[in-house]
């Protein structure tokens with residue numbers, strides 16, 4: 001955690017953490033109006049990192065991340081062009097996985113383009129080329145959807161732009177199909193929270 | 001039973017169970033976010049009532065098997081996605097789980113209706129086959145094609161993803177003996193004491 005410079009700043013950060021845990025967007029909005037937005041963004045992301053680590057370690061339920069994401073939505077979206085796109089892979093018509101992944105990316109303040117569901121590899125690549133994206137987040141439902149990931153990689157190689165972006169896969173559990181671990185992706189996980197945290201850390205690096 | 005039997009929404013009254021849904025969400029009273037979830041529960045239930053169109057169908061594939069389709073329609077998932085777009089994540093996540101809970105309730109109710117209808121032919125359910133385990137995708141697709149006149153908007157992808165998402169499908173095998181390894185069959189009240197599956201369950 002970032003150490004506080006003065007008791008007042010420490011109190012604001014404590015209030016922010018409490019509001020994120022309780023899912024209180026209005027409280028967060030009030031804190032933002034009180035000033036020091038940059039410090040609050042840093043404090044928010046530091047705390048979200050801690051929450052995500054605890055969730056991935058199994059000591060925090062997902063509902064707490066949901067609540068934190070809702071409260072964090074009080075932070076204004078960054079005035080930046082998208083750096084990532086997110087969509088459910090071709091064949092995956094279920095919106096839930098995509099919805100949660102977008103929620104977690106937005107929680108971190110990552111400017112992300114929503115591509116929807118059942119997204120073809122061509123549509124993913126088209127978004128990368130048009131917007132010069134640095135991250136593609138592909139949401140799977142079953143291991144069978146992984147063909148879309150391989151195709152995105154192949155198309156990007158053919159266009160000579162594969163090195164320009166990171167390909168992140170989340171959704172279907174690698175334990176269901178070990179072949180997922182050999183996907184030509186930069187990060188593979190079955191948990192959207194891990195994918196969003198990875199994108200955030202890579203973006204900030 | 002007819003070739004296709006449709007069970008309308010009247011057969012599936014909504015019975016949202018807040019404690020069960022919160023248990024699925026792991027949102028206990030000890031969690032700091034419990035208050036935020038409890039505050040929007042009624043709204044989520046209202047949205048479910050407004051958008052869910054619970055219906056079921058049984059397709060008599062053959063003398064000894066039936067395929068069952070249960071669906072809430074497309075609108076609940078669309079409503080949940082709209083909530084996520086508005087960053088009302090808590091209500092959206094409750095609605096998602098409410099839909100799943102309703103589907104499970106429908107499963108139990110549909111099974112009772114099925115048993116009632118089968119009893120008229122002195123038939124019982126002897127086994128249940130599940131997608132992804134022993135109910136092939138090709139068979140599901142074939143059944144959905146036959147159900148299209150009454151359920152036009154339901155499909156299964158080549159990877160087994162059903163659409164609308166808040167739907168489920170399974171197959172039951174029929175028998176003139178009420179027995180087998182069906183999870184809903186209670187061996188303790190079954191007269192077939194020499195049944196192979198009695199000790200397996």
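Since every read-out is calculated from the coordinates, none of them should be taken as a lab result. Only a predicted model underlies this, so the values are computations on that prediction, with no experimental measurement involved. When we count neighbours, we look across all protein chains shown, and the Cβ atoms used for this are built from the backbone with ideal geometry, even at glycine.
D for chain B, whole µm²/s, Stokes-Einstein with Kirkwood Rh over alpha-carbon pairs at 37 °C and 0.692 mPa s: what number?
Approximately 178 µm²/s, per Stokes-Einstein.
Whole percent per 5 Å bin, from 0 to the bin with the longest distance: what is P(r) over all C-alpha pairs of segment A:7-72?
4, 19, 30, 25, 13, 7, 2
On C-alpha positions alone, give me the angle between the axis of helix B:75-85 and the longest principal axis of chain B, in degrees, nearest 10.
Compared with the principal axis, the helix lies near 30 degrees.
Counting other C-beta atoms within 10 Å, which of B:176, A:190, B:159 has the fewest, and how do the rest follow?
B:176, A:190, B:159
So what is the relative contact order for segment B:1-59, in percent, with contacts set as C-alpha pairs under 8 Å and at least six apart?
67 percent
Can you work out the base-10 log of I(q)/I(0) for segment B:1-104 at q = 0.15, 0.21 1/Å, using the Debye formula on its C-alpha atoms alone?
Per q value, in the given order, log10 I(q)/I(0) is -0.66, -1.03.
Based on DSSP H runs of at least 4 residues, each adding -39500 (n - 2.57), what is the mean residue ellipticity at 222 nm of chain B after dividing by all its residues, to the nearest 500 deg cm²/dmol?
Theoretical 222 nm ellipticity from helices: -12000 deg cm²/dmol.
State the dimensionless ratio Rg/Rh of the protein assembly as shown (Rg: radius of gyration of Cα atoms; Rh: Kirkwood radius).
1.03
Can you give me the pair-distance distribution of segment A:1-153, C-alpha pairs, 5 Å bins, whole percents?
P(r) over segment A:1-153, rounded to whole percents: 2, 9, 17, 17, 16, 14, 11, 7, 4, 2, 0.
Computed over the Cα atoms, what is the radius of gyration of segment A:49-98 divided by 2.2 N^0.38 Å, N being its residue count?
That ratio works out to 1.45.
Take A:13, A:204 and order them by how many other Cβ atoms sit within 10 Å, fewest up front.
A:204, A:13
Mind checking the mean number of beta-carbon atoms from other chains within 10 Å of the Cβ atoms in B:27-40?
5
Any chance you could give the angle, 0 to 90 degrees and rounded to 10, that helix A:192-204 forms with the longest Cα principal axis of chain A?
It works out to around 80 degrees.
Arranged by the count of other C-beta atoms within 10 angstrom, fewest first, what order do A:12, A:41, A:136 take?
Ordered from fewest to most neighbouring Cβ atoms within 10 Å, A:12, A:41, A:136 come out as A:41, A:12, A:136.
Take each of the peptides B:90-100, B:111-121, average the number of other beta-carbon atoms within 10 Å over its residues, and list them starting from the highest.
B:90-100, B:111-121
Counting pairs of alpha carbon atoms under 8 Å apart in space and at least six apart in sequence, what relative contact order in percent does chain A give?
Relative contact order here is 18 percent.
What translational diffusion coefficient, to the nearest whole µm²/s, does segment A:84-204 have by Stokes-Einstein, given a Kirkwood radius computed over alpha-carbon pairs, a temperature of 4 °C and 1.567 mPa s viscosity?
So the translational diffusion coefficient is about 95 µm²/s.
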